[in-house]
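The values are calculated or read from the model by the stated rules, or taken from the named source; none is laboratory data. As the structure is a prediction and not an experimental result, all values here were calculated from the model. Every residue, glycine among them, receives a Cβ derived from its backbone with ideal geometry; neighbour counts consider all protein chains shown. Calculation scope for accessible area: heavy atoms of the full protein, side chains included, ligands and nucleic acids excluded. Shrake-Rupley method; radii C 1.70, N 1.55, O 1.52, S 1.80 Å.
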Amino acid sequence: MRGPCHIRRMKAFAGIVAAFLASGAAAQDVRVATYDPGLTRKGPGLLLRDIRRADPQVMAAAQVIVAAAPDVLLLTGIDWDHDGQALAAFAAVLEGAGHPMPHRFAARPNSGMPTGLDLDGDGRKGGAEDAQGFGQFSGQNGMAVLSRLPLGPITDHSAVLWRDLADNLMPALPPEVSQVQRLSSTAHWDVPVLTGRGPLHLLAWSATPPVFDGPEDRNGRRNHDEAAFWLHHLPPAPFVLIGNPNLDLIDGEGRPETMTALLDHAQDPQPKGAFQPDQTGANAGHRGEPALDTGAFDAAGPGNLRVDYVLPARGLRVTGSGVIWPAPDDPLAAAVDAASDHRLVWTDIDLASVGQGTDP
């Protein structure tokens, strides 16, 4: 029997949803965004220190987020701590700037998680490359979700072993490594956002870059398989593939086949930035459309790339999208440059289409 506590929770949820649906332009749309804000540091506790000090880089990242005004935001570059203090402190910064996102989730990522093994073969254990995912300490460069709407029960797939993925491309590894090596370099989460029209599942991940390895292409293979994971875990419900797959479908290194296969189930709104830098250096040899780029990387190589994505399921109706990449004379440009080498990507989804279901 459902008691008073349950009734109070349901009334509270109904009030939150009603307020969201009555909030002006957001009444018909939900804005979903992903962003690597560069909120990672070289040691545990340093991010929390910088947030409390109102570090300029932290405040620049917050300014970018407030300007984008997302309803749901995946952060793919934020340090995790056991008590969630850094994420709570950053959420307080956003609220103080006029954009409250009271619902949040973070879990210990694989980045920096010790394996107890010498994975890189340098004769030493405990290095950044010996962790489940590259990291100088447990929780470095993790993920987090911030939302205006409540979140449902999250499914964390981050403990799945690489060898257990069907049709994986894992290279031959010593038995003691293959028995513990996880697929996720950071995390794989299924996060239901409770919209009032039904749950919208964020299928979130942040992959290892397909570089910094040898002829065995270990990172390239893992990057491929981190995306391939979702081909086996698409829910029978509205979803959005979201995060930093660290792969440009046209330029740069990597294996684009899986991302292309995912587009059989999801749509690409092709969000564009308002400004594109001069296509010089490595950019001059790129074939992809510069307006789609989401990362401003070394001009000598690899150049600017599209590595951050928001890909709604095909059954959802997209009403708008964009990349926060303003022109140099825009008041926001300085904050965008100071915050991160990544750019925030957003997509607006018609809430009515969330309740109509999708075909995974």
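In the range 192-206, the residue that is farthest from Leu234 (Cα to Cα) out of those that are open to solvent by 10 Å² or more (accessible area, probe 1.4 Å) and assigned to a loop (DSSP other than H, G, I, E, B) is Gly196. When the residues of the range 323-359 are filtered to those that are free of Cβ contacts under 8 Å to residues at least 60 places away in the same chain and surrounded by 18 or more Cβ atoms within 10 Å (Cβ to Cβ), the one that is nearest to His201 (Cα to Cα) is Val323. Only residues that are assigned to a loop (DSSP other than H, G, I, E, B) and either under 30 Å from Gly315 (Cβ atoms) or in contact (Cβ under 8 Å) with a residue 12 or more places away in the chain (or both) were counted across the range 157-178, and they come to 11.
Before we move on, is Gly303 part of a loop (DSSP other than H, G, I, E, B), modelled with pLDDT under 90 and buried (at least 16 other Cβ atoms within 10 Å of the Cβ)? Spelling it out, Gly303 is indeed part of a loop (DSSP other than H, G, I, E, B), modelled with pLDDT under 90 and buried (at least 16 other Cβ atoms within 10 Å of the Cβ). Looking only at residues of the range 207-243 that are surrounded by fewer than 18 Cβ atoms within 10 Å (Cβ to Cβ), in contact (Cβ under 8 Å) with a residue 24 or more places away in the chain and not small (Gly, Ala, Ser), we find that the one that is nearest to His157 (Cα to Cα) is His233.
Within the range 158-179, not a single residue is open to solvent by 10 Å² or more (accessible area, probe 1.4 Å), under 16 Å from the mean Cα position of the chain (by Cα) and farther than 27 Å from Pro236 by Cβ.
Pick from the range 244-253 the residues that are free of Cβ contacts under 8 Å to residues at least 60 places away in the same chain and closer than 25 Å to Asn141 by Cα: which of them is surrounded by the fewest Cβ atoms within 10 Å (Cβ to Cβ)? The extreme case among them is Glu253. When we screen Asp122, Asp55, Asp50 for residues that are of a type in the set (D, E, K, R), out of contact with any strand residue (DSSP E or B) (no Cβ under 9 Å at 6 or more places or on another chain) and either modelled with pLDDT of 95 or more or open to solvent by less than 10 Å² (accessible area, probe 1.4 Å) (or both), the only hit is Asp55. Looking only at residues in the range 99-115 that are among the hydrophobic types (A, V, I, L, M, F, W, C) and open to solvent by 30 Å² or more (accessible area, probe 1.4 Å), the one that is farthest from Gly133 (Cα to Cα) is Phe105. Just one of the numbered conditions (1) assigned to a loop (DSSP other than H, G, I, E, B); (2) out of contact with any helix residue (DSSP H, G or I) (no Cβ under 7 Å at 6 or more places or on another chain); (3) of a type outside the set (Asp, Glu); (4) under 21 Å from Leu39 (Cβ atoms) is not true of Pro326: (2). Every condition in (1) open to solvent by less than 60 Å² (accessible area, probe 1.4 Å); (2) touching a Pro at 6+ places or on another chain (Cβ under 6 Å); (3) within 26 Å of Trp230 (Cα to Cα) is met by Gly320 except one, and the failing one is (2). Per this entry, Pro256 is counted among residues that are buried (at least 16 other Cβ atoms within 10 Å of the Cβ) and closer than 23 Å to Ser206 by Cβ.
Taking the criterion of being in contact with a Lys or Arg (Cβ under 6 Å, 6 or more places away or on another chain) and crowded, with 17+ Cβ neighbours inside 10 Å, the residues of the range 268-300 that qualify are Leu292, Asp293, Thr294.
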